[in-house]
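Report on one structure; see the data block that follows.
The values are calculated or read from the model by the stated rules, or taken from the named source; none is laboratory data. All figures in this text were calculated on a predicted structure; none of them were measured in a lab. Note that we place each Cβ from the backbone using ideal geometry, even for glycine, and neighbour counts take in every protein chain shown. Areas reflect the complete protein model, heavy atoms only, side chains present, ligands, DNA and RNA absent. Shrake-Rupley method; radii C 1.70, N 1.55, O 1.52, S 1.80 Å.
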Amino acid sequence: GAGVSQTPSNKVTEKGKYVELRCDPISGHTALYWYRQSLGQGPEFLIYFQGTGAADDSGLPNDRFFAVRPEGSVSTLKIQRTERGDSAMYLCASSLNGGGNEQFFGPGTRLTVL
Amino acid sequence: AQSVTQPDIHITVSEGASLELRCNYSYGATPYLFWYVQSPGQGLQLLLKYFSGDTLVQGIKGFEAEFKRSQSSFNLRKPSVHWSDAAEYFCAASTGTASKLTFGTGTRLQVTL
């Protein structure tokens, strides 16, 4: 079956603009995660959804970052007033129902803020 | 604070040689432990995981890892490396109930022919 997909694969924007990054999880997976990976670093946790609700948003760096998952499937990560420091690879993962289940990762969206 | 450390940023091995990538964790209790591989343009792929039980874990692509509680380590090994193993390798941990993965900074593996 299809894996986790993310769109767009690349996004270039200007400082101060608003961006949305989309994640389509594996069908039937109730848990969805967002991570951010800067160059030369490991992925860093941003937010975890169980169904439609954010079960853990402790990794969101500030209030410019927001994520939704209104129907418990597709999720959108929203970044307001982008800054150059937001430039990174944004990874989405899904798992069957959270806990210690394997997280399947998408290919990521590379965000570049000029 | 919970953390995962990968001491080696970059490792080069010859094809056919054995490989060991180091990983240490700092958690209050034994976490769930994972090794992922990331190839250029590819998503992270799970190689293996340890939850409990047998401390030697077998994974895909001929990889294995050994959990050592006394050393807080979960090192990844492969007896004979292939050129296609060149990639970035990440060790990760979670507490299970918290679900989120904490990753190390990664080890880049280069394989020479």
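Report, by residue number, each residue of the range A:31-45 that is more than 8 Å from chain B (Cβ to nearest Cβ) and without any contact (Cβ under 8 Å) to a residue 12 or more places away in the chain.
Correct list: empty.
Can you name the condition, by its number, that residue A:82 falls short on among (1) part of a loop (DSSP other than H, G, I, E, B); (2) more than 14 Å from chain B (Cβ to nearest Cβ); (3) surrounded by fewer than 18 Cβ atoms within 10 Å (Cβ to Cβ)?
Condition (3) is where residue A:82 drops out.
Looking only at the range A:87-114, filter to residues that are farther than 22 Å from residue A:53 by Cβ and over 13 Å from the mean Cα position of the chain (by Cα); which one of those is nearest to the other protein chains (Cβ to nearest Cβ)?
The initial filter retains those residues of the range A:87-114 that are farther than 22 Å from residue A:53 by Cβ, namely A:87-89, A:107-114.
With over 13 Å from the mean Cα position of the chain (by Cα) added as a condition, the list becomes A:87, A:112-114.
Details: A:87: 18, A:112: 16, A:113: 21, A:114: 23 Å.
The qualifying residue nearest to the other protein chains (Cβ to nearest Cβ) is A:112.
Please determine whether any residue of the range A:44-57 is under 10 Å from the mean Cα position of the chain (by Cα) and among the small types (Gly, Ala, Ser). Explain how you work it out, then say what you get.
Step one: of the range A:44-57, the residues under 10 Å from the mean Cα position of the chain (by Cα) are A:45-48.
Of the ones still in play, those that are also among the small types (Gly, Ala, Ser) are none.
Checked against the condition, which is being under 10 Å from the mean Cα position of the chain (by Cα) and among the small types (Gly, Ala, Ser), the range A:44-57 yields no hits at all.
Take the residues of the range B:87-101 that are assigned to a loop (DSSP other than H, G, I, E, B) and touching a Gly at 6+ places or on another chain (Cβ under 8 Å): which is modelled with the lowest pLDDT? Working first, answer last.
Just the residues of the range B:87-101 that are assigned to a loop (DSSP other than H, G, I, E, B), to begin with: B:95-101.
Now drop any that are not touching a Gly at 6+ places or on another chain (Cβ under 8 Å), which leaves B:96-97, B:99-100.
Values: B:96: 69, B:97: 62, B:99: 80, B:100: 90.
Once the filter is applied, the top-ranked residue is B:97.
If only one of A:75, A:27 is in contact with a strand residue (DSSP E or B) (Cβ under 6 Å, 6 or more places away or on another chain), of a type outside the set (D, E, K, R) and under 26 Å from residue B:42 (Cβ atoms), which one is it? Lay out the reasoning, then the answer.
Numbers: A:27 fails: in contact with a strand residue (DSSP E or B) (Cβ under 6 Å, 6 or more places away or on another chain).
On inspection, the qualifying residue turns out to be A:75.
Out of the range A:85-105, which residues are in a strand (DSSP E or B) and over 15 Å from residue A:43 (Cα atoms)? Step through it out loud before you land on a result.
Step one: list which residues in the range A:85-105 are in a strand (DSSP E or B), which gives A:88-95, A:104-105.
A:95, the sole residue that qualifies.
So which strands (runs of 3 or more DSSP E) are wholly in the range A:1-58 and hold at least 1 residues that are in contact with a Ser or Thr (Cβ under 8 Å, 6 or more places away or on another chain), more than 30 Å from residue B:5 (Cα to Cα) and open to solvent by 20 Å² or more (accessible area, probe 1.4 Å)? Write out each step before concluding.
Working: elements: A:5-7, A:10-13, A:19-24, A:31-37, A:44-50, A:53-56.
The qualifying strands (runs of 3 or more DSSP E) are A:5-7, A:10-13, A:19-24.
Residues in the range A:68-79 that are within 19 Å of residue A:97 (Cβ to Cβ) and not in a loop (DSSP other than H, G, I, E, B): how many?
Residues flagged as within 19 Å of residue A:97 (Cβ to Cβ) and not in a loop (DSSP other than H, G, I, E, B) within the range A:68-79 amount to 1.
Among (1) surrounded by 14 or more Cβ atoms within 10 Å (Cβ to Cβ); (2) at pLDDT below 95; (3) of a type in the set (D, E, K, R), there is one condition residue B:77 misses while meeting the rest; what is its number?
(2)
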